[in-house]
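For reference, the structure discussed in these notes is given below.
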Protein chains: 2
Amino acid sequence: MTDASNGAGTVGKALEVLDQVATFGRPARFSELLASSRFPKATLYRFIQTLTNEGMLAYDPDRQTYALGVRLVRLAHAAWEQSSLAPVARRHLEALSAEVGETVHLAQLDNAHVLYVDKVNAHTPLPMYSQAGKIGPAYCTGVGKVMLAYLEAEPLARAVAQQSFHVFTPQTLASAAELLSEIRVIRENGFGFDREEHEPGIICVALPILTPTGRLLGALSVTSSTSRTGLPALEKLAPRIREAATAISREAAQWRFPDTPSIPA
Amino acid sequence: MTDASNGAGTVGKALEVLDQVATFGRPARFSELLASSRFPKATLYRFIQTLTNEGMLAYDPDRQTYALGVRLVRLAHAAWEQSSLAPVARRHLEALSAEVGETVHLAQLDNAHVLYVDKVNAHTPLPMYSQAGKIGPAYCTGVGKVMLAYLEAEPLARAVAQQSFHVFTPQTLASAAELLSEIRVIRENGFGFDREEHEPGIICVALPILTPTGRLLGALSVTSSTSRTGLPALEKLAPRIREAATAISREAAQWRFPDTPSIPA
DNA sequence: AACCAAGTTTCATATACTGGAACAGCCGGT
DNA sequence: ACCGGCTGTTCCAGTATATGAAACTTGGTT
């Protein structure tokens with residue numbers, strides 16, 4: 001029996017190496033990668049060779065370093081367009097942000113962590129790549145907790161098991177028990193807060209984006225600071241956010257298929 | 001010796017499948033993928049399973065479709081930041097675009113094709129993901145021809161062999177011979193044009209971005225239309241563009257290493 | 001010249017990839 | 001209800017392919 005939780009198979013291992021290079025954050029040398037790798041020298045070497053040949057890694061002969069390759073950028077473009085909610089959601093995010101005058105986040109679940117897929121800042125329209133792709137913890141962010149709350153029992157358990165429960169602020173939920181009780185509250189309300197659990201002074205309301213069948217697609221949040229507003233004020237925004245969330249869900253459903261018409265080949 | 005031109009090895013095949021899903025442009029069903037795949041049913045199935053488990057593909061149980069996964073978005077974020085010129089180049093692109101009042105492209109070579117890494121439009125600041133990641137032909141674009149011109153003999157030959165030489169307009173260079181002679185001209189001038197070779201009415205000047213040692217990093221172009229300006233006017237911009245190109249190259253060199261200091265491990 | 005570290009190649013071994021074929025589930029038709 | 005046809009999933013023997021210790025280059029340092 002192959003252990004599925006572990007990166008089984010050659011492909012999984014190769015992707016592990018890819019992740020390692022990504023985590024490095026800058027072009028890395030072979031020996032640096034070797035130091036932080038669980039693979040023996042020859043094996044790692046072959047993986048890197050393969051990935052380089054495939055264009056997933058780029059080798060800089062001047063500096064003898066490896067970086068993530070351009071093929072990844074190409075794939076990412078396609079991924080962002082076809083798999084994430086961002087393309088359909090963008091105009092809703094913009095409208096919402098303009099209306100409430102705060103920063104709006106769109107997130108999806110990646111493994112057990114929060115992947116920010118898009119972000120619209122009320123006052124500084126930023127080029128989005130700089131914002132998208134970031135990952136964050138699930139147990140101490142508004143979007144994270146809300147998404148966990150709408151998971152099935154089994155995936156939820158697996159996700160909770162992966163939380164680090166690092167304490168960032170006095171408000172941080174520091175255990176699985178606290179998180180699960182918070183999740184129950186979120187399920188009842190239909191929305192969740194971030195009460196300065198991740199960063200002091202930063203608060204937010206978050207709502208899930210669900211399919212008509214109730215499956216989780218992602219989450220939407222409006223973020224602000226304690227100096228500007230409070231939780232009660234944010235709570236008042238919940239209905240408006242839900243509006244955006246359902247709109248996004250509805251459009252996503254249609255958009256996924258322009259309807260596979262019976263084009264006869 | 002393994003045939004490198006072919007996607008040898010398990011990893012290569014898996015990535016091939018990934019590309020296939022990407023090319024599809026929308027969430028695809030298993031059978032659709034099977035139809036356009038060179039792999040037998042069981043093999044393709046296992047690949048897709050693996051990639052899904054690894055988060056490179058996302059499965060939509062409602063529709064029974066596969067799309068590119070979120071892990072790719074995360075990787076892409078890192079790729080864009082560490083491997084492409086875009087982060088260091090952006091402010092130069094913006095300055096250049098504002099100054100000349102035209103659209104500026106930043107491109108790199110992916111295999112034998114042009115990968116647009118960033119784009120700054122003079123009049124409509126756009127979120128960049130929608131622009132970056134696009135690929136285009138090398139033989140009939142300004143950036144493409146310029147980048148080919150600064151390749152070594154052997155990679156150049158390989159790249160030229162991969163051009164389709166599809167004729168888009170009356171000006172399109174339709175053969176390797178024509179392309180190579182154009183490349184000689186570009187080498188002499190240090191810059192190249194697109195003379196409505198890809199799209200009627202669209203022209204551009206392009207310059208390479210080179211390391212101090214002369215290795216090719218990418219290319220920069222200013223695009224306009226025949227209705228607004230002409231080639232002579234664009235040619236006048238070449239020195240200004242070169243300025244930006246050298247600045248980008250210089251910054252890229254520093255930035256790649258905050259300097260690997262002699263950290264004694 | 002001798003040494004050391006970083007990177008590359010080799011090769012016997014057995015792991016884990018392969019794909020034909022058989023199986024399950026789901027429809028629409030008769 | 002029964003039957004084909006179609007899509008998606010699982011099995012399993014055979015073998016191609018990945019593995020990693022060790023040997024070998026390469027380039028720089030004492």
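For the structure I just gave you, tell me whether B:LEU44 is surrounded by fewer than 18 Cβ atoms within 10 Å (Cβ to Cβ), within 16 Å of DNA strand D (Cβ to nearest atom) and among the aliphatic types (A, V, I, L, M). So B:LEU44 fails the test. Which ones in the stretch A:138-177 are hydroxyl-bearing (Ser, Thr, Tyr) and either in a helix (DSSP H, G or I) or open to solvent by 20 Å² or more (accessible area, probe 1.4 Å) (or both)? A:TYR150, A:SER164, A:SER175 - these are the residues of the stretch A:138-177 that are hydroxyl-bearing (Ser, Thr, Tyr) and either in a helix (DSSP H, G or I) or open to solvent by 20 Å² or more (accessible area, probe 1.4 Å) (or both). Within the stretch B:167-178, identify whether any single residue is within 16 Å of B:LEU109 (Cβ to Cβ) and assigned by TED's automatic domain parsing to the domain that holds B:ILE241, and answer yes or no. No: the stretch B:167-178 contains no residue that is within 16 Å of B:LEU109 (Cβ to Cβ) and assigned by TED's automatic domain parsing to the domain that holds B:ILE241. Of the listed requirements (1) open to solvent by 60 Å² or more (accessible area, probe 1.4 Å); (2) within 14 Å of DNA strand C (Cβ to nearest atom); (3) modelled with pLDDT of 85 or more, B:VAL11 misses just one: (1). Of the residues making up the stretch A:84-122, those that are basic (Lys, Arg) and part of a helix (DSSP H, G or I) are A:ARG90, A:ARG91. Regarding A:ARG74, is this residue away from DNA strand C (no atom under 13 Å from the Cβ) and surrounded by fewer than 21 Cβ atoms within 10 Å (Cβ to Cβ)? The answer is no for A:ARG74. Residues in the stretch A:32-83 that are in a strand (DSSP E or B) and either under 27 Å from the mean Cα position of the chain (by Cα) or of a type in the set (A, V, I, L, M, F, W, C) (or both): A:LEU57, A:ALA58, A:TYR66, A:ALA67, A:LEU68. Filtered by the rule that a residue be small (Gly, Ala, Ser) and open to solvent by less than 10 Å² (accessible area, probe 1.4 Å), the stretch B:48-71 gives B:ALA67, B:GLY69.
The residues of the stretch A:16-36 that are more than 8 Å from DNA strand C (Cβ to nearest atom) and open to solvent by 10 Å² or more (accessible area, probe 1.4 Å), listed by number, are A:GLU16, A:ASP19, A:GLN20, A:ALA22, A:THR23, A:PHE24, A:GLY25, A:ARG26, A:ALA35, A:SER36.
Could you please tell me which pairs satisfy a Cβ distance under 8 Å, a separation of 6+ or placement on different chains, a first residue in the stretch B:26-55 that is farther than 15 Å from B:ALA67 by Cβ and in contact (Cβ under 8 Å) with a residue 12 or more places away in the chain, and a second residue that is of a type in the set (Ser, Thr, Tyr) and part of a loop (DSSP other than H, G, I, E, B)? Pairs found: B:LEU44/B:SER37. Screening A:ALA89, A:ALA95 for residues that are buried (at least 24 other Cβ atoms within 10 Å of the Cβ) and more than 16 Å from DNA strand C (Cβ to nearest atom) leaves exactly one candidate, A:ALA89. For the residues A:ALA219, A:ALA244, A:ALA149, A:ALA206, the requirement of being at pLDDT 90 or above, closer than 28 Å to A:GLN82 by Cα and in contact with a Lys or Arg (Cβ under 6 Å, 6 or more places away or on another chain) singles out A:ALA149. The requirement of being farther than 29 Å from A:HIS198 by Cβ and either away from DNA strand D (no atom under 16 Å from the Cβ) or facing another protein chain (nearest Cβ under 9 Å) (or both) is fulfilled nowhere in the stretch A:86-95; no residue meets it. Among the residues of the stretch B:123-137, the ones that are surrounded by fewer than 13 Cβ atoms within 10 Å (Cβ to Cβ) and at pLDDT 80 or above come to 0 in all. Flag not set for A:LEU34, criterion: in the same structural domain as A:VAL143 (by TED's automatic domain parsing) and not acidic (Asp, Glu).
The values are calculated or read from the model by the stated rules, or taken from the named source; none is laboratory data. Predicted model, so just to flag it, every value in this text is computed and none were measured. Please note: Cβ atoms are built from the backbone with ideal geometry, for glycine as well, and neighbour counts cover all protein chains shown. Accessible surface areas use protein heavy atoms only, side chains included; no ligands, DNA or RNA. Shrake-Rupley method; radii C 1.70, N 1.55, O 1.52, S 1.80 Å.
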